Amino acid sequence: MTRSAEPTAAGLALLDARLRVAVQRAAATESGADDALRGLYISDQQALDRAGSDGAPGAGDAEARMAAAGRRLGLDALEQAVLAVCAAPELHPRYGFLYAYLQDDVTRRLASPRLVADLLEGEGTGRTDVLACFGPIARLARAGALTLLATDAPGPLADRPVKVADRLAAYLLGAGGALAETGAPAVLTRVDAQGDAGRPDVVAEVERLLGVETRLPLVACGPDAAAVVAAAAGPLVLLEVRALESAGALPDATLAAALEERRLCLSGLEHAGPADHARLLQAIDEREERTLVLGRSRADALILSDRTALLVDVPMPTFAERRSAWSRHAQVGGTDDVAAKFRLSVEQIVAAAEVGRVTARTRGAAAPDRADLDLGARYASVSKVGELAASLDAPYGWDDLVVPERQRVLLRSISAYLRHRDRVLSEWGYERTVARTQGLKILFAGESGTGKTMGAQVLGAELGLDLFRVDLATVVSKYIGETEKNLERIFAAADGSNAILFFDEADALFGKRSEVSDSHDRYANLEVAYLLQRMELYPGAVILATNFKRNIDDAFVRRLDFVVDFPFPEPDDRRRIWRLVLPPEAPVAADVDLEFLATRFKLSGGAIRNCSLAAAFQAADEDAPISMRHLIRAVAQEYGKQGRLTLEADFAGFHELVRG
């Protein structure tokens, strides 16, 4: 048998002919067996009858699948014949019966290298040629098609059973899908080439690099790396790098890729640990094919730092690409807002759009609205920041926030920036001309209770973004280097979240820069510089809140994008706040004088809110409407909490209520 690169159609037909000859020869030399052993052996007549039958049912379909498998695995004629002999018992039990007879053991129903050599030897094919097909570097083994099984009892190497891979057996039986995955050593992921991957320049670059003859691995890093590579190279099979610890994972994935005519990619670099490093390099070195590797970011490619590799960065999709993906997958128009606010990959948009559609259906709507899409986008945003920071609800709107007009304009400018940043920076070219990052660094300054937290909540509600509060006082550590580690954990967890980060008590870190008199002074300044650097790298909004703006170093203030001062409310503002904190559902007595409360008592918005709540509880305890005396007593309590005197000049005719 020749070893031409083009497999012949010999397959099972050749095997049936060779089996008849081999069985007849064996039967002619048998000396007979004691009838007492019947049932423990296969008689000559039984073997002759099976060998003389017309072959296995459905052999024609099996032959076609065998030939297709040979082409996809790149087998030559001899390798295809070896595969046919080894795979035959998977296709019909008749072959296992005859193999047991020829090997004189009813339990040995799989082929062995010796049996395969006996059946295929001749016509220009030597035994050594056949036996070489079972070597560890032979094509059948490297393709994951055949495995030489070890047995419990010691025995000759050439008599070990040969097992066809389960995935290949399922393919030859015409039963792919779930049966092919039965017992698979690792879970494989399929990625089909889609027309919405976007980033055509990156797709073209990958195509060019794949068209060059080289053994250098190609590493694609970034969101949607798999989709972009699939657009350039065709359908993919993905195997996690961590799965390489299983000895059979790579051969099984290689076989799946060949049978399904897909390219194999090693993925999940972002999850790989130190132990996976050596296994990945070994896989790259041992594979015949060029290795494609996928990661989430360029930092993930550091695992290959001691190997020369071709690296391709896959950027986030542009605003136009995100808008197109949202419209296509959400099946609704008007997706500019959600596409601009949430910097998601196309893969995340697919999941987010499904959440939006499901949410819309649960309330009986035919299509998702803006709130549904925002909800889906928040769900799809990858984040662990909730483990390190407190999530803040955003129940307030612009009408709930009482600040001077100048501050309101600044806050609306922040909202506009976050809503339209991609359009202005990317599509209008400002990112190139002014070299701005897409993140936003903001300082909220003002006394306690003047609305800094509410301002952040209003922005979160307006934009539909998650809001997380981090207390910087708990992040700063007296130990050198620990503050940076704490900050890094927070920002690393927030990457991909599209959330607004609200750092409270910012003056705990952003104080006036000290003169460098010792190592702690030097590191304190480094901590501030590190926070600013991390804020600039974060693609979302970072808000620093402080009660004492005068304590913030001017040089750091100049590096911020927005500074919003929250002043102490004036009487008109306090009057509006009093109206807002007395809900329309609450029973309010006719004697309540909001003008008196607003003009006489200089309280912040937070303090007024506390007074309203305390008065409500007093009234509820008396089962009476909220009256002026309840509010006056609540104001006196708030004064006492702040260490202020309850002067008669302030309380006027109500002073008798609080004298005690």
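The values are calculated or read from the model by the stated rules, or taken from the named source; none is laboratory data. Worth saying up front: this structure is predicted, and the values here are computed from it rather than measured. Cβ atoms come from the backbone with ideal geometry, glycine included; neighbour counts cover every protein chain shown.
Summary of values
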read-out	value
Tally, over the range 220-249, of residues that are closer than 18 Å to Gly295 by Cα and either assigned by TED's automatic domain parsing to the domain that holds Leu75 or of a type in the set (A, V, I, L, M, F, W, C) (or both)	18
Checking Pro625 against (1) surrounded by 17 or more Cβ atoms within 10 Å (Cβ to Cβ); (2) touching a residue at least 24 places away in the same chain (Cβ under 8 Å), the condition it does not meet	(1)
Residue satisfying all of: in the range 628-652; assigned to a helix (DSSP H, G or I) and charged (D, E, K, R); surrounded by the fewest Cβ atoms within 10 Å (Cβ to Cβ) among these	Lys641
Any chance Ser345 is small (Gly, Ala, Ser) and modelled with pLDDT under 85	no
Test: residue in the range 389-398 that is within 30 Å of the chain's Cα centre (by Cα), among the acidic types (Asp, Glu) and modelled with pLDDT of 90 or more	no
Near pairs, Cβ below 8 angstrom, 6+ apart or cross-chain, from the range 473-491 (at pLDDT 75 or above and part of a loop (DSSP other than H, G, I, E, B)) to any residue that is charged (D, E, K, R) and surrounded by 14 or more Cβ atoms within 10 Å (Cβ to Cβ)	Val476/Glu527
The range 423-453, residues that are part of a helix (DSSP H, G or I) and buried (at least 23 other Cβ atoms within 10 Å of the Cβ)	Lys452
Members of the range 297-307 found to be in a loop (DSSP other than H, G, I, E, B) and either at pLDDT 85 or above or among the acidic types (Asp, Glu) (or both), listed by number	Asp306
Residue satisfying all of: in the range 603-627; part of a helix (DSSP H, G or I) and more than 49 Å from the chain's Cα centre (by Cα); nearest to Phe566 (Cα to Cα) among these	Ala615
The range 367-404, residues that are in contact with a Lys or Arg (Cβ under 7 Å, 6 or more places away or on another chain) and either exposed (fewer than 14 other Cβ atoms within 10 Å of the Cβ) or not hydrophobic (A, V, I, L, M, F, W, C) (or both)	Pro368, Ala390
Qualifying residue in the range 78-101 (condition: among the acidic types (Asp, Glu), part of a loop (DSSP other than H, G, I, E, B) and closer than 26 Å to Ala257 by Cα)	no
Qualifying positions in the range 542-564 - surrounded by fewer than 16 Cβ atoms within 10 Å (Cβ to Cβ) and under 23 Å from Met454 (Cβ atoms)	Phe548, Arg550, Asn551, Val557
Per-region count, the range 211-232, residues surrounded by fewer than 20 Cβ atoms within 10 Å (Cβ to Cβ) and in contact (Cβ under 8 Å) with a residue 40 or more places away in the chain	3
Test: residue in the range 343-363 that is in contact (Cβ under 8 Å) with a residue 60 or more places away in the chain and surrounded by fewer than 16 Cβ atoms within 10 Å (Cβ to Cβ)	no
Selection count where residues are more than 25 Å from Ala64 (Cβ to Cβ) and of a type in the set (Asp, Glu), scope the range 151-195	2
